[in-house]
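Below: the structure, in structure tokens.
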Amino acid sequence: MNGPSAEERYARQIRFAKIGTAGQRKLGEACVAIVGVGALGCVIANHLARAGVGRLILIDRDIVDRTNLQRQLLYDENDAAAGLPKAVAAAGRLAAVNSGIAIEPRAVDLSSANAETLLGAADLIVDGTDNFGARYLINEVAVKSGVPWIYGAAVGASGMTATIRPGVTPCLRCLFPNTPPGGSLDTCETAGVLAPIVDTIASIQAMEAIKLLTGQTEALHGSLLQIDLWHHQWQPLALSGAKRADCPVCAERRFAALDSFAAEPMTAALCGRHTVQVSPAEPASLDLELLANRWSRLGEVELTPYLLRLRLPEPEGALFSLFPDGRALVSGTDEPVVARRIYASLVGE
């Protein structure tokens, strides 16, 4: 049986006067990269897939964990039990929602080495990440290539979002010149996060995306929009006048984040996960089947099409998940030193 036509599938959307048939066609021709398919990214990807955006690139470094299920709406307990990469699990769920669009999962960590390649095809980039390092990378790729992007963040019961249009609005470095000092901001680990604020911020991001993709730029909210759902506060901060003449990115076109290649393995603790990511200085191409055979005497081994997992015995007791590009997630510790020691013992320096 043939599926519904575009006119039938998107009938309610097409009837909205500002979209119409022409707007729907623009959505179908668009490519959007979503960086981070966690709490924000799940909602964003769900809305854009159902809206008929023709091509979605889903980029995420993490695997599904039971702690995600409280707020990450594309995943279920089976995904967590299987330890599926979020990008892969999300793509599978969205393909079942809309088989008429292209959905491309990328189970990788966005870095200076791959950011331009991963984001180069996009007409729009949407932020679903949880850290400023990734956002600064997105900002530099966007400014360098002239592609708009939509910033979003949520923690506790509050969040914020801004739509950044290179050459028109301030960029992220104009708004946040420096990375906030460690410990100065709440995180999902210290403050938790409630699902309704995630839905609110991500839905605004998705709506801004639809406005941009259909050419309705006059309808953009044009602010750094701050929302606190617990206290029922909405505060739009105007972006006019926030553009900095001395901004190193959009004014001076210096791209420090893109130009900084790490010389040694990098570690990053994943918020709220008791997990540390270890990334090699340069992407590898590992034979996971060979490693699975080698590690079988060390503990419980599970090889999937996407990764290799090893449950180490006590005293470590860690769950080590290795991806083909050499990146690993070490679950059971928050200590980068411990994670790198385990990585070195199993994979090498």
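Against the longest alpha carbon principal axis of the chain, how many degrees, from 0 to 90 and to the nearest 10, is the axis of helix 195-213 turned?
Around 60 degrees separate the two axes.
Charges only on Cβ, +1 for Lys and Arg, -1 for Asp and Glu: so what's the dipole of the range 263-346 about the Cα centre, in debye to the nearest 20? Kindly include the intermediate steps, with their values, before the conclusion.
Numbers: 8 positive and 11 negative charges, 17 e Å.
Around 80 debye, computed over the range 263-346.
Could you go through the range 318-335 in sequence order and give the Karplus-derived ³J(HN,Hα) for each residue, using 6.51 cos²θ - 1.76 cosθ + 1.60 with θ = phi - 60°, rounded to whole Hz, and x for Gly and Pro?
Whole-Hz 3J(HN,Hα) from phi for the range 318-335: 7, 9, 9, 10, 10, 9, x, 7, x, 6, 9, 10, 10, 9, x, 8, 10, 9.
Return one quarter of the surface area of the convex hull spanned by the alpha-carbon atoms of the chain, equal to its mean projected area, in nm².
On the way: hull surface 75.3 nm².
With the hull built on Cα positions only, its mean projection is 18.8 nm².
Among DSSP beta bridges whose residues both lie in the range 6-257, state the antiparallel percentage, nearest 5.
Around 50 percent of the beta bridges assigned by DSSP in the range 6-257 are antiparallel ones.
From the square roots a ≥ b ≥ c of the eigenvalues of the alpha-carbon gyration tensor of the range 263-346, which class results: rounded (a/c under 1.5), prolate (a/b over b/c), or oblate? Provide the component values of the computation, followed by the final result.
Details: a/c = 1.69, a/b = 1.13, b/c = 1.49.
Judged from the Cα gyration tensor, the range 263-346 comes out oblate (a/c at least 1.5, b/c at or above a/b).
Quick one: Karplus J couplings for the range 63-77, per residue in order, coefficients 6.51, -1.76, 1.60, θ = phi - 60°, nearest Hz, x for Gly and Pro?
10, 6, 10, 4, 5, 6, 5, 5, 9, 9, 6, 8, 10, 9, 5
Could you calculate the contour length gain from ASN293 to LEU237, that is, 0.36 nm times the residue separation minus the distance between their Cα atoms, to one decimal place in nm?
Numbers: separation 56, 0.36 × 56 = 20.16 nm, distance 5.66 nm.
Additional length available on full extension: 14.5 nm.
In whole Å, how far is the Cα centre of the range 19-91 from that of the range 120-160?
Result: 15 Å between the Cα centres.
Can you give me the long-range amide H partners of THR304? Hydrogens built in the peptide plane at 1.01 Å from N, cutoff under 5 Å, separation of 5 or more residues or another chain.
It is ARG309, by chain and number.
Find the relative contact order for the chain and round it to a whole percent, using C-alpha pairs within less than 8 Å whose residues are 6+ positions apart.
13 percent
Per the helix-only calculation at 222 nm, which mean residue ellipticity applies to the chain, given -39500 (n - 2.57) for every DSSP H run of n ≥ 4 and division by its residues, nearest 500 deg cm²/dmol?
Working: 14 runs with 118 residues, N = 349.
Mean residue ellipticity, 222 nm, calculated: -9500 deg cm²/dmol.
Taking H as built 1.01 Å from N, whose amide H comes closer than 5 Å to the amide H of GLY326, not counting residues under 5 places away?
So GLY326 has HN proximity to ALA284, LEU286.
On a 0 to 90 degree scale, rounded to 10, what angle separates helix 39-51 from the longest Cα axis of the chain?
That helix lies at roughly 50 degrees to the long axis.
Considering only ILE103, ILE57, ILE14, give the residue with the highest GNM mean-square fluctuation for the chain, with springs between Cα atoms whenever their separation is below 10 Å.
Between ILE103, ILE57, ILE14, it is ILE14 that shows the largest mean-square fluctuation.
Full extension from LEU69 to SER203: what is 0.36 nm times the residue separation minus their Cα-Cα distance, to one decimal in nm?
Values: separation 134, 0.36 × 134 = 48.24 nm, distance 1.84 nm.
Roughly 46.4 nm would be gained on extension.
Could you give me the ³J(HN,Hα) list for the range 291-298, computed from phi with Karplus coefficients 6.51, -1.76, 1.60 and θ = phi - 60°, whole Hz, x at Gly and Pro?
5, 4, 5, 5, 8, 4, 7, 8
Let me know the charge dipole size of the chain about its Cα centre in debye, to the nearest 20, where only the beta-carbon of Lys, Arg (+1) and Asp, Glu (-1) is charged. Write down the numbers at each step before the final one.
Numbers: 31 positive and 37 negative charges, 211 e Å.
Dipole magnitude for the chain comes out near 1020 debye.
Which residue, LEU303, LEU224, LEU329, tops the fluctuation ranking in a GNM of the chain built on C-alpha contacts under 10 Å?
Evaluated over the chain, the most mobile residue of the options is LEU303.
List every residue whose amide H lies under 5 Å from the amide H of ALA153, counting only residues 5 or more places away in sequence or on a different chain, with H placed 1.01 Å from N in the peptide plane.
MET160
Where is the GNM fluctuation largest for the chain (alpha-carbon springs, 10 angstrom cutoff): ALA11, ALA162, ALA269?
ALA11
Consider a paramagnetic label point 7 Å from the Cα of SER99 along Cα→Cβ; state which residues of the range 49-76 have an amide N under 20 Å from it.
Correct set: 49-56.
Please give the contour-minus-distance gain from ALA81 to VAL337: 0.36 nm per residue of separation, less the Cα-Cα distance, rounded to one decimal in nm. Mind dumping the intermediate values first?
Numbers: separation 256, 0.36 × 256 = 92.16 nm, distance 2.73 nm.
This chain segment gains 89.4 nm when fully extended.
We did not get these values from a lab; they are worked out from the coordinates using the rules stated. Values in this document were obtained by computation on a predicted structure and should not be read as measured data. Quick reminder, even Gly has a Cβ in these numbers, built from the backbone with ideal geometry, and neighbours come from all protein chains shown.
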